[in-house]
Amino acid sequence: MQFGRYYEEFEVGAVYRHWPGKTVTEYDDHLFCLLTMNHHPLHLDANYAERTTQFKRNVVVGNYVYSLLLGMSVADVSGKAIANLEVESLRHVAPVFHGDTIYGESTVLAKVESKSKDDRGIVTVETRGLNQDGTLVCIYRRKVMVPKRSYGEARGGEQPGRPEPRVS
């Protein structure tokens, strides 16, 4: 299975549909909130959410949704990345609730060869997150520095650092 792409493999306009999706559980949301010290009751307190919010239930914290989509995109977009350079924009378009399943897809918007090093380039992608109903919930754009094939070959190919089995 391919993990990431070399610069030459990206085509402007290509769409990568990330698979599989992820069903967000209450545990996922609460753990992420607690790990990041986001104790807002909208995310953690069902009684508060039911009595005081327009949704009448907990809303999944947006940074978890973004992080989930970023992780989903790694195998298709940044699995070979030298660096994640920038998140140009990030919008949460609709709420995500416990039990929703999130799917991601990324479109290649641009690619530019590095001006300082001939073994890499910068790829710009837009990633969209959809729930199980096809509702857009999150959209962001990012720039990733990815190697050209020559960079990879000079550093061990497709699985650099992977040991060869020893024969005893």
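The values are calculated or read from the model by the stated rules, or taken from the named source; none is laboratory data. The structure presented is a predicted model; accordingly, all values stated were derived computationally and were not measured. Heads up, the Cβs are rebuilt from the backbone with ideal geometry, glycines too, and the neighbour counts pull from every protein chain shown. Side chains included, ligands, DNA and RNA excluded: accessible areas come from the protein's heavy atoms. Shrake-Rupley method; radii C 1.70, N 1.55, O 1.52, S 1.80 Å.
Kindly evaluate Val65 against the criterion of being farther than 27 Å from Leu85 by Cβ, open to solvent by less than 70 Å² (accessible area, probe 1.4 Å) and not basic (Lys, Arg). I'd like the intermediate steps shown before the answer.
Values: farther than 27 Å from Leu85 by Cβ: no; open to solvent by less than 70 Å² (accessible area, probe 1.4 Å): yes; not basic (Lys, Arg): yes.
So Val65 does not fit the description; no.
Return the only residue of Arg51, Arg5 being among the basic types (Lys, Arg), exposed (fewer than 12 other Cβ atoms within 10 Å of the Cβ) and either modelled with pLDDT of 95 or more or on the phi < 0 side of the Ramachandran plot (or both).
Arg51
Given the options Asn84, Asn58, name the one that is buried (at least 17 other Cβ atoms within 10 Å of the Cβ) and among the polar types (S, T, N, Q).
Details: Asn84 fails: buried (at least 17 other Cβ atoms within 10 Å of the Cβ).
Only one candidate passes the filter, namely Asn58.
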Worksheet item: Looking at Ala14, Ala81, Ala94, Ala46, which one is over 20 Å from Val146 (Cα atoms), in contact (Cβ under 8 Å) with a residue 40 or more places away in the chain and among the aliphatic types (A, V, I, L, M)?
Response: Ala94
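I'd like the full set of residues that are among the hydrophobic types (A, V, I, L, M, F, W, C), surrounded by fewer than 17 Cβ atoms within 10 Å (Cβ to Cβ) and in a loop (DSSP other than H, G, I, E, B), limited to region 13-27. Can you show your working first?
Going residue by residue through region 13-27, those that are among the hydrophobic types (A, V, I, L, M, F, W, C) are 14-15, 19, 24.
Among the residues that remain, those that are also surrounded by fewer than 17 Cβ atoms within 10 Å (Cβ to Cβ) are: 14-15, 19.
Of everything in region 13-27, just one residue is among the hydrophobic types (A, V, I, L, M, F, W, C), surrounded by fewer than 17 Cβ atoms within 10 Å (Cβ to Cβ) and in a loop (DSSP other than H, G, I, E, B), namely Ala14.
Please find, among Thr101, Thr107, the residue that is modelled with pLDDT of 95 or more, more than 30 Å from Gly157 (Cβ to Cβ) and among the polar types (S, T, N, Q).
Numbers: Thr107 fails: more than 30 Å from Gly157 (Cβ to Cβ).
Result: Thr101 is the single residue among Thr101, Thr107 that is modelled with pLDDT of 95 or more, more than 30 Å from Gly157 (Cβ to Cβ) and among the polar types (S, T, N, Q).
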Practice prompt. Could you tell me whether region 148-157 includes any residue that is open to solvent by less than 40 Å² (accessible area, probe 1.4 Å) and at pLDDT 90 or above?
Written response: yes
Worksheet entry | Options Gly134, Gly121, Gly99: the member that is open to solvent by less than 60 Å² (accessible area, probe 1.4 Å) and in contact with an Asp or Glu (Cβ under 6 Å, 6 or more places away or on another chain) | Gly121
Worksheet item: Which is over 15 Å from the mean Cα position of the chain (by Cα), open to solvent by 30 Å² or more (accessible area, probe 1.4 Å) and of a type outside the set (D, E, K, R), of Leu34, Leu90?
Response: Leu34
